[in-house]
1. State whether the residues of the stretch B:347-370 include one that is within 14 Å of another protein chain (Cβ to nearest Cβ), closer than 30 Å to B:ALA450 by Cβ, in contact (Cβ under 8 Å) with a residue 60 or more places away in the chain and part of a helix (DSSP H, G or I).
2. Picking from B:ARG210, B:ARG234, which residue would you name as being within 14 Å of another protein chain (Cβ to nearest Cβ) and free of Cβ contacts under 8 Å to residues at least 60 places away in the same chain?
3. So B:HIS230 clears everything in (1) crowded, with 18+ Cβ neighbours inside 10 Å; (2) in a helix (DSSP H, G or I); (3) in contact with a Pro (Cβ under 9 Å, 6 or more places away or on another chain) except one condition, right? Which one?
4. So, in the stretch B:465-495, of the ones that are modelled with pLDDT under 90 and closer than 25 Å to B:THR89 by Cα, which residue ends up surrounded by the most Cβ atoms within 10 Å (Cβ to Cβ)?
5. Residues B:PRO563, B:PRO548, B:PRO544, B:PRO539: which one is within 30 Å of B:LEU243 (Cα to Cα) and in contact with a Leu (Cβ under 6 Å, 6 or more places away or on another chain)?
6. Do we find a residue being more than 14 Å from every other protein chain (Cβ to nearest Cβ), surrounded by 18 or more Cβ atoms within 10 Å (Cβ to Cβ), under 29 Å from A:THR136 (Cα atoms) and more than 23 Å from the chain's Cα centre (by Cα) anywhere in the stretch A:40-51?
7. Restrict the check to the stretch B:383-402 and report whether at least one residue is surrounded by fewer than 18 Cβ atoms within 10 Å (Cβ to Cβ), free of Cβ contacts under 8 Å to residues at least 12 places away in the same chain and more than 18 Å from B:ASP437 (Cβ to Cβ).
8. Taking the condition free of Cβ contacts under 8 Å to residues at least 60 places away in the same chain, more than 14 Å from chain B (Cβ to nearest Cβ) and under 30 Å from B:GLU420 (Cα atoms), does A:LEU208 pass?
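The values are calculated or read from the model by the stated rules, or taken from the named source; none is laboratory data. If you're wondering where the values come from, they're calculated on a predicted model, not measured in any experiment. Backbone-built Cβ (ideal geometry, glycine too); neighbour counts: all protein chains shown.
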Amino acid sequence: MEIIRILLRSKRFVLGFGILAAVLAFALLGPRFLTDVAPFQRVGGLYDAPSRDTPLGTDNFGRDVFTQLMFGTRTSLHIGLVAGFVATLIGVTIGTLAGYVSGMVEEALMGFTNVLITIPPIVVLILLSVAVDARTATTMGVIIGVTAWPWTARAVRAQTSSLRTREHVDIARISGVGSLEMMLVEILPYMFSYIFMAFILQLTGAILAEATLSMLGLGPFQTVSLGTMLHWSLMWESVRIGAWWAFVPATVFLSITTFSLILMNAGMDEIFNPTLRHTR
Amino acid sequence: MTVLALAALLVAGCGRAQPLPRNETVYKAGMQWGPVSGFNPFMSGDRWPVTQPANDGHLIYEPLFAYNLLSGELDPVLARRLEWVDDRTAHVTLFDGTRWQDGQPLTVGDVVYTYDLVKRYDTPHAAVWNYLERVTAVDDRTVAFTLDAARPHRAMVLHELTMVRIVPQHVWEILERDVDSILEIENRNPVGSGPYTLLRHSPEQVAVERFDDYWGREVHGVPAPRFIVHPIFRSNDAGNLALERNQVDWSQQFVPEIWRMWEDRGAPVGTWFSEAPYFLPATIPSLFINLQRDGLREPLVRRALAYAIDYPRIAETAMSRYSPVARSSMIIPVGVAEQRFFNEEDVAEHGWRYDPEEAVRILEEELGATRGSDGIYVLPDGTRLGPWIAHCPFGWTDWMTALEIVSESARAVGIDVRTEFPEAPVSHDRRYTGNFDLTLWMPEGGQSPAHPWIRFHHVMDNRGVAEMGDIAFRNWNRYQNDEAEALLDAAALTEDEAELAAIYRRLDRIFMRDIPMIGLMYRPWQFYSFNETYWTNFPTEDNPYAPPMHGHTGMQIYVNLKPVER
């Protein structure tokens, strides 16, 4: 409760959270209250302009863009959450291990991380996406997650290295606390705010990575995401035709979702990072 | 590499240095998608303007005849007449005065040499020799084509007479000497007999210039444009934008919602029909079904799938209204000459249409399948209906969208169909080797004197088709039926309309019973759209002096175009 009260002090965080909550409500509750068609249901022709029944027109399949937008946002967030969770889990595990256990283990883990960081993730992403047979939203999230963790690992290692020299850690060590307990109890909790911020950035990156992959035609199967919406609008030349409703809503939703997350991140940075904290 | 790159830059630089006079130039689009690799008329692949007769393939090299899409007949090009002197001998008479662009006369010797050439090397045209016994000179203007006694199939030979472009013996004898196969010849300086010569080519464009000493000035007329240029666009939308902005005069590209160009934006753009379907339907992109997969092996499952597919939606969205709703026949019901064989009663009685309830009824009542918790049916023997992958090359938007609709409508019924869009070479390879569940392709795209026979032959004749795993160029699912093969042989030997109609009727009924493939939509042979800012008098439905083609008898369009005075 205390933490929420602190967070609410940042206007940026509140604004970002407000936008995200609105997007979430639209994606999760919209299908129940705002539309009565299924995402794949045909309601009109190829690129029908917005009308009473289809507030954002139809896409190239004749499906309702407004409905697509709800389900698309939901899928994109789903992929983002899975990817953010996977990337943060791997990054924190490797970073904490490397930062806490020095010597060969650290060298090996960070060497591996540094090698991966030099490979452009988009290349690995494309190769993995092509290799995977059933690209559901969840598998796509995992794929994006396993390519995105290295920078989290590096940052967490740096934090861990500095935490390791704190006095409370020394005291615990003298008391004979084991390494695992040490990492879980004495180190990790002190990084929670940082890890949560890293998670939000991973989530943002993953939503954009999904859009990139989908626009290349490597999007999730049999579901609609913001990226696949953009993919088909590009393929069907909606820009030349002037069917703005096919690409503007998805672009706007991608932008405001990532913008709200980045805003939340900046707000938290303000709170948790003393050098940025406004003097009051 | 550096030298090559520099050379390419130089060529490209020259291309930009001299803009051609706009009022004397026709710009085309949609037939060349990458840099040209030479101008050999016997190779397949994009090499505008020599690739194939339909794609401006008469500009430099000419065949003996051209296929007329509207009449279904052969029209003269190099030859003025074809006469059957007995059951299996055709006499083809050349026009007087035929001549190569280098001034040498074009003789019957060149014709005999060319047909010999396509046989000696394994060119795509070598197949004509399955039906030919010999090609011989009768006199100095006449060539005799003698059909093979075992396979005297006139229509297939007529088809090839429109496809094989005649090349000069005195040039190709020398070219031939230095190579193992004529398919290796790049032929950078083509010498043909046509009304245009190669002007220049670069990675950005290919340009030809009118040849004013053309032999056929009297017979075929003088083309109006002095230059014809095919810019090489990176993508479909770049070419379509150029058409809308008057930078392209005449296009073969798929343009989604082309009517918006004139209805919404007032561009002087037109198509053959001024309203839907805008283009003349001529081929059937079809979903080939792997008959050896568990589940798909069962004809009733294929029948349920056929009922499940939303054909009206494919025509409306995937084909952008350019297709009538697909019927369950191998014969195109409208527009082209073969429509006379379409049998409405048989289709109504034995065929299918979009009816998801009927699909469910077949699955439940006739097959006894039960619906699993995931909504997908399972046959009594435990076979789940899918997942089956339907694939076509990436970037073919109309086909990709059609397959998405197949997938959605099949799943709505309870058949698990998924889509995949690999790069074109991968997709082709899977199709050729039979390594697919469902694949979309046109059985014998285009039209010819041999249609619809050649389409039935493509889908239902397994003789001479390589085994599964090896590369086959037709009958990709290796459908085999003795009765169909016998009917095909009978159809090849008769020209009696009533007899042909009866045979095609029986073949179509076998097709509708066995369902080796499902036609999803109709597609024009070529997309024919034009912009009349600089040139007018393109043929349309109301002014049908030539068919809506970029080659064959569509060549006549160049003669009839009129520059706009400005």
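1. No, there is no match, as no residue in the stretch B:347-370 is within 14 Å of another protein chain (Cβ to nearest Cβ), closer than 30 Å to B:ALA450 by Cβ, in contact (Cβ under 8 Å) with a residue 60 or more places away in the chain and part of a helix (DSSP H, G or I).
2. B:ARG234
3. All conditions are met except number (2).
4. In this case the residue turns out to be B:ALA492.
5. Step by step, each of B:PRO563, B:PRO548, B:PRO544, B:PRO539 is checked, and only B:PRO548 is within 30 Å of B:LEU243 (Cα to Cα) and in contact with a Leu (Cβ under 6 Å, 6 or more places away or on another chain).
6. There is no residue in the stretch A:40-51 that is more than 14 Å from every other protein chain (Cβ to nearest Cβ), surrounded by 18 or more Cβ atoms within 10 Å (Cβ to Cβ), under 29 Å from A:THR136 (Cα atoms) and more than 23 Å from the chain's Cα centre (by Cα).
7. no
8. yes
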